[in-house]
Each structure stands twice: as structure tokens, then as C-alpha cells.
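Q: Structure in C-alpha cells, see below.
The values are calculated or read from the model by the stated rules, or taken from the named source; none is laboratory data. Given the structure is predicted, the values throughout are model-derived calculations rather than measurements. So basically every Cβ, Gly included, is an ideal-geometry build from the backbone, and we count neighbours across all protein chains shown. When the accessible area is computed, the model is the full protein with side chains, heavy atoms only, and any ligands, DNA or RNA have been set aside. Shrake-Rupley method; radii C 1.70, N 1.55, O 1.52, S 1.80 Å.
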Amino acid sequence: MTQSPEEPAGTFETLGDINLTLDLLNKEDSISKESVYSQLTSIIQNSDILDDAIVHQLIYYASKDMRDHKINREIRMVAGEILVSLAAHDFNSVMYEVQSNFRILELPDEFVVLALAELASSYVSQSVPFMMMTLLTMQTMLRLAEDERMREAFCIALEKFSKAIYKYVNHWKDFPYPRLDANRLSDKIFMLFRHIMERWASAASRVQTLAIIKAHGPTVSLLLHREDLCEYALGQVPWLLNQYKDKEIDFHITQSLKQILTAVALYDVSLPKLLRKHIFVNLLHQVCKVLDPPVKENEMEASNCFLILAHSNPADMIEFFDEQVRSNNEATRTGILTLLRSALSAGEPNLRDHIISIEKTVKVILGDLNIKVRNSILLLIQTMCAKRYIEPQEGWPLIDYVFAQFAMSSKNLEKPVKPNSAENELGEKSVKETSLEVLKTLDPLVIGMPQVLWPRILTFVVPAEYTGTLDHLLGIIRILITAEERKKGAKESTALVVSTGVVKLPSPQQLLARLLVISVLAGVGKLCGIGAVRLLKILPEIIHPKLVDLWNTQIPELLKSLEGKSINISQWETMLLQLLKESLQKIGDIAWTTQLIRDFSQQMGGYSNTSTEKKFLWKALGVTLASCQDTDLVNSQIKQFLAAPSQLGDQRQGIASIMGYCAENHLDTVLKALKTFQDQENFFMNRCKGIFSGKKHLSKTDVMVIYGSVAIHAPRNQLLPRLEQDIVAQVLSFYTQCSQVLGMAVVNKDMDLQMSFTRSITEICIAIKDVGDPQFKFSYKEELVGYMLNFIRDEPLDSLASPIRWKASVAIRYLSQLNPQLSLNDHLNILEENIRRLLPLPPLEELKDDGQTDQDKEHIHFLYERSMDALGKLVRTMMWNNTDGEDCHEVFNLLRMWLVSQKEWERERAFQITAKVLTSDIEAPDNFKIGALLGLLAPHSCDTLPTIRQASASSAIGLFCMKGIHLELERLQGLQEGLECADEQIQIQISSKLAKIVSKLIPCEDIIMFLEETLDGLESLSPKCTRACGIWMTTALREHGAELEDQVLEMLSIIYHHMPVLRQKEESFPFVLEAISQIASFHMEAVVSNLLLKPLPFDRNTRTIWKALAENPASSGKLLSALTEKLQSQLEDDVAGPESISVACAIHEVVSTGTSVSKVYAELFTVLLKLVSCTLGQKMLTSIVSHRRRRVLLPGEQQQMADPCRLSTTTLKCVQAQAMREGLAKESDEGDNLWTLLCNPNTHHLGICALARSMAVWQYGIILDIMDRLQPSLTSSSENFRITGTAFYSELMQEPVLWKHGNLQDVLLLMDQSAWDSNVILRQMAIRGLGNAASGAPQKVKKHKQIILESTIRGLYHLARTEVVSESLKALRKILEQLTERDVSFYFKEIVLQTRTFFEDGQDDVRLTATLLFENLASLSGKKWKLFFTEEIKKSMISFLLHLWDPNPRIGAACRDVLNICFPFLGLQEVSGVLDHLFDGHDVPRARDFYRQFCVKLAKKNQDILWILHTHSFTFFASNWEMIRSAVIKLTDAIVLNLTSHYLSLIDQEQLTARLQALRQDPCISVQRAAEAALQTLLRRCKETSSPL
């Protein structure tokens, strides 16, 4: 099958998937089929196009499996689903397949029926044309169905068919074919339904009944469209209603009933009255079940049924509800109210004609005290108001009910008649909340609502029981009045009148008193307070006509001040009191004012004594008295309050507020009244009377408080003349009297007395300060300070039960600001005492544990916060009263020990105080230094508690602000808020950001102090703070590094001083190193010079510093360059001093960290090589060894002498290792032995050679740089350095690339000169260089062959030093490889003769090289020297043959090669075959076998050579090598065996026998055995020739 262009790319994949699974459907495996069908379901649903052939196959398999009884039901069901889903691709084929199995008078398979039902449900349009045939067939089957499942399937089919036909009947125009006769279809449905109801319904099982119920609704709904079948259809509804028995099927019953009611409404069918009543009752029962609460879904369906009935039969439904609601049943009432609310919410228009009926129904149950009913009524009223179902004439009782329910619930909650159960309490709270919600959502401008509300709504403003509704009540009133004002402006008739004549409205004074007191709540953000202010704004005409202009100006300003952030309550009270004062002045009516005083007094009982409203009411009453012009009235009112203060509630607070505010205009009157009261009252008797009568009278303590309040409110121009005599003296007198018992002073622990005394003194001090007279000197200051300090000292250090600390601290703060001023020491003593009595208290949680109740705990918390605030303000005041920065620091030092306390709660308190002291609104003295304080505070931005972290940041910011340094405050404050996060990483990040922002602003002169303080912090702070401390320190140094040149040495000195301690702290020490690195990044020369002054060997700290400098990216690059330059300058004279060793040690520490050497490698390598050379063989000078550091040697440990060369070599090794890691050098062939060779004077040259070989030739640019820098070494005055340079160059001479890019010809000539030097090592290295030059530059060697050969051959005569000889032999071998026989002809004989002398040398290397050189000489003999060379071969062949078994296998291999070369010179090519044959194998042949075969061949070829071998063998009998002695004996054995009689007779048999006899005693057994065998051979040959032995 090919893909058409239009087919999507995924078609092939889909078909492929189906084809893979089709084969599986033939299998009998149920499990396999289940998975296949699951996969097919997904494929079919996700495929838009399927091939027809595949669809037909799938239809076949699905139909077959669906009808197969051998397969389990789940798979059959899935197969049926697949079959139905295939109808989307080929409906007709699927329908044909199903109909073919659905035959007349044959009971079909259950799943065939279900498939037909699903087809009708899913494909209505395509199924309807087949419906008649299907129904006819089905009609013939019903009587055959006896099985329960079969009957259930037919019921399901009836349900689906009915729904499909119902849809067609009502929407036939939407179907794509001509209209069918729906009556014929409904006839068939009718017959099927009638059969089921008559034959099956009565005896149906529970499952079958459920199936009938589900089919009942769709079937009856379809039949209702036929008038002739309507009566029958409705007649079946009672059966449905009678099935309400089981809650599990109730939902399906209600669902079917809903379908029927929908059809009734659609076809406008009239329900019989009895049936309608039956339906109402059953539906209501579904909503209002008591014993068995309804299922939520069923309840919702029942509610939807009532909505349908509300549309079709509203009057009947409301009549039914009215009848049922009178039953006094809670469930019924709440159900009906809920149904009514649902109907109103649905916006059913037919109900609007029955508003009055609904209101009357509701009013019937307004007296019901049941909580659920009350709640339901409120919710219904809310909906009625929202949907405009409130009728002007009848609606007010409903609104009044809302307020009444709020008041009732509030009363039941606050003062219940009997104890509330938990359920009742929750219910009352719900009623209260619902009442408020109704008022919140009430729209007073809905049509008819203004007439309902106005003016009766005003009656709820003043009574105290409605206070909780004021949030919404005042808004309602304001909206009504505002709307009325608009109508007046538009000249429309108003519906609002001031009074109806029936309702008693509140008086203007009552409204003003109430609204003004409520307005104070706006200061704490309460809506009712704001609403009261807004209402006052539009009520001036009602309050008093003269207030219109004033309030129109002032109240908008009040409202404006409430915008944005919450205003301070004290400021807000002041503004309201000012408005009251100005309003009373504007009115100017004594009678009006007098009535207002009475109304204030009458409303006193409506508020609790501790409420904000009550406290403000006292002040308002005092202001009203102050505004009253009638002095007699004021005097009488004051006396009345003094005589009967209990009427005020809290008598002390109330009388103090009233008297204080009254004193603003009537100071003389108030003071006289107080004096008269004191003179007339007997406080002791009043107290006794109060105990018996229960009425409270003013005490001396109360009067003290009154005096303080009078002082703070007294007119400023009248206060000071009367202060000390008429006020302060009276207060002290009262306190003294209260502190005496029988005339004797005692320590009074009466907290109330102390508090009152402290309060009075504080207010007096505030009053004096507000006067602002600099000439006034308060004579009682020192005495009063003493009292306050005594109070503080008497407070316990383990609890916080009283506010004495707080109040006394406040009093001291105000006293300290008065003249005469105290000394600095006095201030310090006062502060220390205050700090000492508060900061050491236990943690807040422990303090709160002392509280018995939650209220006690909250009180302790309150005292704690106020005490801390008071102490902070006290410290701040006393600190900044100083004009000298040093004095400020003295004050701050009192907090220092607490800021670093190990107890986090003490640190927290200290930081809270510090944050209050260091604020942005302070201007610090000019000489105030911030460095030390910043270093102390900033690290705590990562402390354990968020409060400490934020206080630390705040304090740090404040330091800069006080110095007038501009900061990005918004950004900093945002970072400060982020410190609340508990994530340590985020804290560190924020602290780091803070440091970056502010560190650059630290004055340079403060950096030293900042550094010292942070170093102290690194020693003592916690790990987190230590980390922050380090970050701040390093950030500051980074920001200011360039400016600190003059302070570098001092900073380093400070850091070194702290290092011994910080070394022990793992978390701190890295920051110290980072600090030094930061300094070095700006001032590298100074830091390096300073560190190099440290004695050798470097101590641990110094080494660590070097490594830290190296590891720091900011300093590592400069560091190595600086050290290299310094070392280079110290070695200019080729002499190494102590300072050079220090630099080398420093370089070692730096490079060992992995610091890259690529940029300075050539320079560094050269200078270190020079240092190694210059220190070779030296000992460490005592001047550079530290005498101060001594340590005890461990047992067995010996004192080691310092070796400067070893130190230098170690540094070079370190550099070379790093170079290898960077690809600048390669591993040496000597491995680690290289460095041992290098620092030993005897092997130094060998180490240099190995080092040179480790140079990376591919980095020829670097090597050429090294060579250029090292070339002066060849002519250095230092012999060691010359050796070093010569050895280094000797290896590099063999590299052609270096000859190509470098100038090595001059070096070659210098090498030739050095080859004649008196220093043996120098000669050796020079000769090596000449030999290596042959590999690196053959043409240069040919050019200078004469001088090179002469210098090299001369080395062969240096027999005293084998090294020179060996080097000469190697060099000659390399050189001769590049020359021709003509080039060497002149020197050939000399070279051959000298070479032969080394065949038996004791050094393997010499023997080997000599053998190899002799091999090379064979090719250069030419015609001229061939005979000479042949003779030399004869003389040398014995050595080659014997050394085939040399202890050194390489020499044996070389001898084998040279023999093969030499045999042709002797005409013995055939003999070489024996050599090749025997040595071809892996195993070395036995010497005896080889020599016998060799001699056999040789004897046949040339007996003369055999004899020559014998004559040259005697010298080898005394060889030092066992293997050679053994070999020569075996060779002699073979020679004797193969000599002819002639030559045998020439043998000195006596001498040979003696030698063999001697070798029989040789220590080596193999030699003994070989001698014995040779001797036997000799004897045998002698016998054979009859030669006597």
C-alpha cells in the first residue's frame, strides 16, 4: 500500500501498530487479548484516518470476542467498546455487524444489546434511521428475557434509545435527513416501557429496579410530548416516587424525576394537584432528611427540581413552603429557607410577583431561636437584599432582624445564660459572622432599600451592643447620605428625611461623641474608624451647622493622613482631639458643650477600660472640659471626678487623662482642685472605707500620676514657675510618705508605687524638655536619677515580671537630657548598670515560661520588648550627647563584650541595642572612627538568629549614614530583609553583597582598625560569623588595596601577629591567607620582600602564606615573576647567597601548589639551574638558619645539616614537574634518580644531561629561550656553572630542530675548546656534545671534522678516567657514522688500535661501545686499510668469540654482529652460517656445542686461524669473569679437538696442562667441569697422536 500525498506521515506508523496487534487477536490467551484491546483503544482514539480493510478486520474480531462466552466479561466489555469506537470510522459497517447478531425472536447476546445502546447514545444522528428496525426487533425479544443481566441490558437500551429519540423530537431540524415520524418511534418505546413496567417492575431485583429507574425518566419524558400518552406517562410517576427507600438509588430517582419535570415544563403539561403535592413532599424529604442525612448529589438534584417547579408553579411552591414552615421542625425550616435562597439566587423571574408572600413566610419564623434556623434566615435575607426582594413597606423587620441577631449572638457568646456547649458556641459565632456578612454585602441603593433603611438605620449607631456592626453600618449610612446629596444637587426629590416622627433618633451630641470615639480606631487601621471619619465628613449639618466649613477643610486632611502607611496612634489621637477642640471653639455654645460633656460621660460604660476607645474618650472629655468657658462648671466637674472616680472605669488612667487635658486651659483650676483635694482627703480613711463599701477612692499613688499628667499637658509658658514647688515637690512628698511606715523610711517594694512614681517623673521631664529653656536647671535631677537606678538594681536577674526596668530606663533617658549635664563617668556608670541588669537575663522563652497563662506570657514578651527599646534609646541618647568621637567609643565599648557573647540571646539583645544606637538620623562627631565598629558588627550578618543578622546589617549601614556617606539605601535594605532566610548559603551571599557595596566606602585611615577587628573576630566568632568576617575583611582589602601602600607593612605585621592563633582554626585561616593575597595583588614587591625576611627553613605559617599567594588568582601571576626576577638579580655574579636560597624555597612553595609556570618557564628554569650549580657542594650558612626555633629531636632522629643544593634541586624538581603537567617538558629517563644525581657533585653532570633530555623538543621556542639564557654558562668564571651549561648543551646538540632555529655553531666551537679542559667532567661533557652534534648537525661535523676528531680521539688516551674514554668511544661512533672512509683515513689506524685496547675493559659500557665502534670501522677500512684491518680482526676475534657469553647480554649481541661483519675479511663466510644457525633460536646455545661446531668448520677452512685463536687464548684463562674463563676453556677444548697433528705438536702441552690443572681448582663449578673436560680432550688427542704429555 502506498501513501497518498495527503496522508499524514504518522499514518504508516498507526497502521503498522495495528497490523502488529491484529495477529495477536487470533490467540486464545485472554491476558494477551486484554493488553491488545487496551493498546487498540489508544490507537483508534488517537487516529483520524484508518484503512478500511483494517477497520473491517477490527470489527470482525471485536464482534467475535464480544459475543464469545468463553472469554471473561472484562475483555468482552472492552471488545464492545472497541466496536463502538470503530463506528467513528465506519458506522454502517459497525451497525450492520451488530444488527446481524440482533435477530427477531432470538434472544441476543447481552453485549450486543449494550453495543446497540452505546451506538444510539454516542451516534444519535446516525442511529435514529435504524431505530425503528431496532425497536421492532427488541419488542419480539422482551418476553424471551428471563436472565437478570439480559433484562438489565434491555433497560439500559431503553434508556439510551429514549434519550436519543427525545433529542431527535426536540431538535429534528438539526438532523441532516428528512423528518421521520417520531410518533411511530414513541409508540414502540411506549410498548417496550409498558411491558417492562407491567411484567418486570413488580418483581424486579434491586439491580434490575435501578436499571428501570434510570430508564424511567428518559422514557416518561419522551412520552409526555404525546397528548394521548401523557396521562399514562404521568401515571407512572407515583411508582418512581415510591422507590425512595434506599439512599444509594435515591439520586437516580431524583435524576429521573428532574428529567420528567423538565419535560413537563418544556411541553407545558399540567401536573395533577395530588401528584404535584406528592412530588413536593418527596423532594422536600430529600432535602430535609434528619435521621439519615441526604447524599450531596441527591440534595443538589432535588434543589434543581425545585428550581424547575419555581419556574412552572411558583405560587404552589411558595404556598407549600408556607404550609411546611409552620411545622416548627428545624430540618424542614432550614431546608425550605435554603431552597428559597437557591431559587432567588437563580434569578427566577416568576418569583418576583410573590415578594410579599416570601416575606410573610420568612416573618413566620423570625422568632425561632434555633441557631441553624437563624443562620438560614440571615442567609436568605442576604439573598433577598441582593436580588431586590425587600419590599419597602414590609422589609424593615428583616433588616432589624439582622442587627438583632448580631446583638443576640454577641450577648450569648460574652454572657450566656447557661454555659455554651462547643456546638452552640460555634453556632453563635456562625450567626454573628453571617449577620456581619449580610451587612457587608447589603447594597443600600437597591431600588426601595433607601426607604427601608432611612432614617431608622441611625438608631444602631450609638448603642454599644451594635459596635461590632459599625464597619458596615457606617458605610451604609455614608452611602445613603452621599447618594442623597447627589440627588439634592440634581434637584431631585429626596426619599430621605431627618425623622419620621416615629423613630427616636440620636441627638447631634450623641452622634458626635460616638463617631469621634470610634474614629480613633482608624489610627490602628480598623475599618469602622475610617468609616466613622468618612461619616463625620458628610454629617456636619446634622451635628451643627457651624461646623460645615471647618469639617469640609479639616476632615479631608485627616483622611489624607490615613492613606499609605498606618499612622501612629498617638498622632492620630492628637489630630482628632485638635479637631474636637477647634469644633467646640467654632460652635462656641456653652450649653451645647455641656450636653456633649454629659453624653461623653454617659457613653463611658459602653467601652472596656483597656480599650483604645475608652482611653480616647477620657482625653476627649478632658479636651471638652478645657474648651468649656464656664470655670465653675469645670471646677465642679473636676471635683465630681475626684470625689467619685470609679464612674470613669479605670480611675487612675481616666482621672489622669481628664485632669491632664483639662489643665491645658485651666492649669490654676486643676492645681487648686488637687491641692484642695489633698488637704481635705484622708487617704487612709478613704482606703478603709473603700474596703468595706466596695467603692474605690483616689490614693496618693493616683494623685502622683495625676500630677505627672498635669505637668505634661500644662501650658509651656506657665509650667516652669510652678513646676518644682507645686508639682515635683508634691510628687516626691507623696512618694516619701508611701515609703514610710510609722514615720520611718523603708525600702518599698510596691511595684505600683514605683511605676506611678517613675511615670510621673518621666512625664515631668518630658514637659521640661518640651519647654526648651536652656537656662532652666532641674535641681532634683541627681536625686531622681538615684531613685531610678535603685529601682533597676532591685530588679531580679532571673525574671522579668515588672515593667520597672523599662520605665526607669525611660525616666533616666529624659533626666539625662536636662540641665545640669552629668560627666562621662557618670554616664558610663549609669549605662553599665542598666546594661548589666537587662542583657544577662535568661532567654525570652525561659522568661515567658514563668508565666502561668498565655496572657502572662504575652505580658512578659511585651515587657521584654519595651525594656530593650528603652535601653537602646538610653544608650543612644547618652552616646550621641557627646561631641567627642572618643567618648562615643567609650560608651560603645560597654556593649562590646555582649556583642561577642557565647550566648546567642545576649548577642541578640546587644545587637538590638546597637541597631537603635547606630541609625541613619544621627550625625556622628568628626573624629568618630567607624572601622573598628564595622569590623566588629558586620560579620554577625551571618549569625545564628535572623534578628542578630538584620541588626548587624542595619548597624553597619547606620555607621556610614552617620558619617554622611551616601549609600544605596533601598538596595541595602532589600538585602537586609533577605537575611531573614534560614539558608546559610543565602546568608553568606547577602553578606558578601553588603560587603561589596559598603567596603569601598570605608575611609582609608580606618582600614587598619577594621583589619585588626576582623582578625579578632576570626579568632573568636562562630564558624558562620567567621566566614562572614573573612569575606568582609578580604572584600575591604580588595576594594582599598591600591590605596594602602603606606600601610602594607603594618597590616602584614598585624596579620602575622594573629596567625599563630588563627592557624588552629580551620575555618578562619583561609581568610587570613586570602587577606595576604589581596594585599599582595596590589603590592607584590613589598609582600614578597617582607616574606623573604622570614628565617629558613620557612615555618609552617610562612610556607602556607606562599602557597596561598600562589593559589590566589589575583596574585599568582605576579608572584612567580617577582620571585624569578629577584633570584635572577641575586645570581648576577654567579654566586649564590643566603637570600637566593630563601627565594628558591619560596618558589618551591609557590609552584608546588600547581601554579602555572608557562609564562616564566624559560627564565625560571635557567635561574634555578644556575642556583643548583652555584650551590653545588655548599653547606647552609648559619646566618640564614633560624636560631629562635628549636625543637626536640625524636628518638633515633639525627640533626640534619642544611644543604642549599638540595633545596635548590628540590625547587627545580618541583618546577619541572609542573612543566611536565603543562606539556613544557617530559618525564626524565632517570626518573626520580635525576634529582639525586643533580645535587651530588660527582654525578651533577649526569643529572644535567638527564634533565636536558627531559626537555620537550616540540616546545623548541622555550628551549631556544633557555639556551640563549644559558649560553653565558659556557664561559662562566664558575667551573660548576660551566659544567652545568656544557652538560646541558651536550644533550641538546643532538636535536636537529634546535640547530635549525638556534645558533649552535658557536656552542660547537666552545665545546671543542672544553674538550681540552683540565677538568675531566667538563672534557667528558664536551666530548659528548661533539658526538651528539653528529646527530643534530651532520653537515657541521663534516665541516669541522678535523678538530672534532682530534678532540675526540684525544679522549681515548685518558685511561685514568673511564668516563672520558667511554664518552670518546660513543662520540667517535656517532661521528664516524656521518663520515666517509676518505674523511677518516688519516685517523683510521690510530682509532682501530685504540679501540682494540678496550675490548677487555672492566666497564661494560666501554666494552660495548668499543665493540660497536669496531663494527663501524669495518665499513671505513677501504682498500688502503683492509689488510691492516684483517690482521687486527685476527687478533681481536678471540675476544669476540669469548664475549658471546659476556655477563652483559648486549655485549654478546654486539660480538655476534661484529663477527658476522668480520668473517668476510677472513674468507670465512661459511663459518658465519654456524653462528647464525646456533643463535637464531630464543635460547642462547651452549658454549661447548657452539665452539665445537665452529672449530670443526674453521678447521676445515683455515687451520691457521684456529692456531691463532689458540695462541691468543692463554691471556683469558686469568679473566675476572667466570663466564669468560669457562668459555675460553671450552674454546680451547674445541680447538684441541680440531687441530691437525701438525699444529697439535706445536702446542705447549706442559703449559696448557698446567693451566687446565690450575683451573680445576677454580671457585666456579662450571669452570672446574670445563677444565676437566678440556684436560681429558687434550689427553685423548695426545694419545691419538702418540705425543707424550
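Q: In segment 852-961, what trypsin sites (Lys or Arg not before Pro) fall in a loop by DSSP, with at most 15 other Cβ atoms inside 10 Å?
A: K903
Q: Leaving ligands and nucleic acids out of the surface, order W1299, W905 by accessible area at 1.4 Å, largest first.
A: W905, W1299
Q: Read through the labelled values (1) 92, 42, 27; (2) 83, 61, 26; (3) 110, 70, 27 and report the label of the one computed as semi-axes √(5λ) of the Cα gyration tensor in Å from the structure.
A: (3)
Q: Figure the gain on full extension for W396 and T594 (residue separation times 0.36 nm, minus the Cα-Cα span) and round it to one decimal in nm.
A: Additional length available on full extension: 67.7 nm.
Q: Please name which of H1244, L480, I365 has its Cα lying farthest along the dipole of the chain towards the positive end, using unit charges on Cβ (Lys, Arg +1; Asp, Glu -1) and the Cα centre as origin.
A: Sorting the options by dipole projection puts first H1244.
Q: May I ask which residue of N1319, T1209, L936 lies farthest towards the positive end of the charge dipole of the chain, with charges of +1 (Lys, Arg) and -1 (Asp, Glu) on Cβ and the Cα centre as origin?
A: The listed residue farthest towards the positive side: N1319.
Q: Applying 1/(1 + (r/R0)^6) with R0 = 35 Å to the Cβ-Cβ distance of Q902 and T853, what FRET efficiency is obtained, to the nearest 0.05?
A: 0.60
Q: If you take the beta carbon distance between T1585 and Q1339 as r and set R0 to 60 Å, what does 1/(1 + (r/R0)^6) give as a FRET efficiency, to the nearest 0.05?
A: With a Förster radius of 60 Å, E is 0.45.
Q: How do Y96, Y267 rank by accessible surface area computed with a 1.4 Å probe, from largest to smallest?
A: Putting Y96, Y267 in descending order of accessible area: Y96, Y267.
Q: Want the number for D68 to R1450: 0.36 nm per residue separation, take away the alpha-carbon distance, what's left?
A: Extending this stretch completely gives an extra 488.3 nm.
Q: Treating the beta-carbon of each Lys and Arg as +1 and of each Asp and Glu as -1, no other charges, what is the dipole magnitude of segment 716-866 about its Cα centre, to the nearest 20 debye?
A: Dipole of segment 716-866, to the nearest 20 debye: 560 debye.
Q: Go through K1345/K1370; K672/K781; K247/K289; K415/K857; K1000/K1024; K429/K614 and tell me which ones have a Cα-Cα distance over 18 Å in this structure.
A: K672/K781; K415/K857; K1000/K1024; K429/K614
Q: Now for a separate question. Please give the Cα centre distance for segment 228-289 versus segment 772-843, rounded to the nearest Å.
A: Cα centroid to Cα centroid, the span is 86 Å.
Q: Which FRET efficiency, nearest 0.05, do L1049 and S611 yield, Cβ-Cβ r, R0 60 Å?
A: For R0 = 60 Å, the calculated efficiency reads 0.30.
Q: Along each principal axis of its Cα atoms, how long is segment 41-198 end to end? Whole angstroms, biggest number first, please.
A: The Cα atoms of segment 41-198 stretch 42, 40, 21 Å along their principal axes.
Q: Ordering E664, E833 from largest to smallest accessible area (1.4 angstrom probe), what's the sequence?
A: Largest to smallest exposure gives the sequence E664, E833.
Q: Now for a different question. Report the one residue of A532, Q585, S601 whose Cα lies farthest in the direction of the positive end of the charge dipole of segment 523-610 (charges on C-beta: Lys and Arg +1, Asp and Glu -1; origin at the Cα centre).
A: Projecting each Cα onto the dipole axis, the largest value belongs to A532.
Q: Right, another one. A 22 angstrom limit on the alpha carbon distance is what I want to check against. Which of K432/K615; K1094/K1179; K615/K675 exceed it?
A: Distance filter (> 22 Å) returns K432/K615; K615/K675.
Q: May I pose another question? Starting from one equal scatterer on each C-alpha and no solvent at all, send me the Debye-based log10 I(q)/I(0) for segment 210-269 at q = 0.19, 0.24 Å⁻¹, two decimals.
A: -0.60, -0.90
Q: Can I ask one more? For T676 and D181, calculate 0.36 nm times their separation in residues minus their Cα-Cα distance, and state this gained length in nm to one decimal.
A: That pair, T676 and D181, stretches by 167.1 nm at full extension.
Q: Considering only protein heavy atoms and a probe of 1.4 Å, how much of the accessible area of the chain is carbon and sulfur, as a whole percent?
A: That fraction is 50 percent.
Q: Oh, and also: Ignoring everything except DSSP H segments at least 4 long, calculate the 222 nm mean residue ellipticity for the chain; use -39,500 (n - 2.57) per segment, divide by total residues, nearest 500.
A: After summing the helix terms and dividing by the residues of the chain, the value is -22000 deg cm²/dmol.
Q: Per residue, how much accessible area does the chain show when a 1.4 Å probe rolls over the protein heavy atoms, in square angstrom?
A: Heavy-atom accessible area per residue stands at 45 Å².
Q: Enter the accessible area of M191 (Å², nearest 10), with the probe set to 1.4 Å and all protein chains included.
A: 60
Q: What does the accessible area of E1377 come to, in Å² to the nearest 10, when a probe of 1.4 Å is used?
A: Rounded to the nearest 10, that gives 110 Å².
Q: Still on this structure, I have one more. Across the Cα atoms of segment 1002-1093, what radius of gyration and what greatest pairwise Cα-Cα distance (Dmax) are found, in Å?
A: For segment 1002-1093, the Cα-based Rg and Dmax read 12.2, 35 Å.
Q: So, one more: Just to confirm my numbers, what's the Cα centroid distance between segment 39-108 and segment 855-902 in Å?
A: Using only Cα atoms, the two centres lie 87 Å from each other.
Q: If you don't mind, another one. Just how much of I569 is accessible, in Å², when a 1.4 Å probe is used and the result is rounded to the nearest 10?
A: We get 50 Å² for I569.
Q: Sorted by mean Cβ packing within 10 Å, highest first, what order do the peptides 378-384, 1416-1422, 397-403 take?
A: So the order, starting with the most tightly packed, is 378-384, 397-403, 1416-1422.
Q: Suppose every Lys and Arg Cβ carries +1 and every Asp and Glu Cβ carries -1, with no other charges. What dipole size does the chain come out with about its Cα centre, to the nearest 20 debye?
A: Value, rounded to 20: 1000 debye.
Q: So what J values fall out for segment 326-342 if you push phi through Karplus, 6.51 cos²θ - 1.76 cosθ + 1.60 with θ = phi - 60°, rounded to Hz, Gly and Pro as x?
A: These are the phi-based 3J(HN,Hα) values: 7, 7, 6, 9, 4, 5, 5, 5, 5, x, 5, 4, 5, 5, 4, 5, 5 Hz.
Q: Label points 7 Å out from Cα along the Cβ direction at E541 and L445: separation in nm?
A: 1.8
Q: In whole angstrom, how far apart do the alpha carbon centroids of segment 311-373 and segment 596-629 sit?
A: Each part's Cα centre sits 47 Å from the other's.
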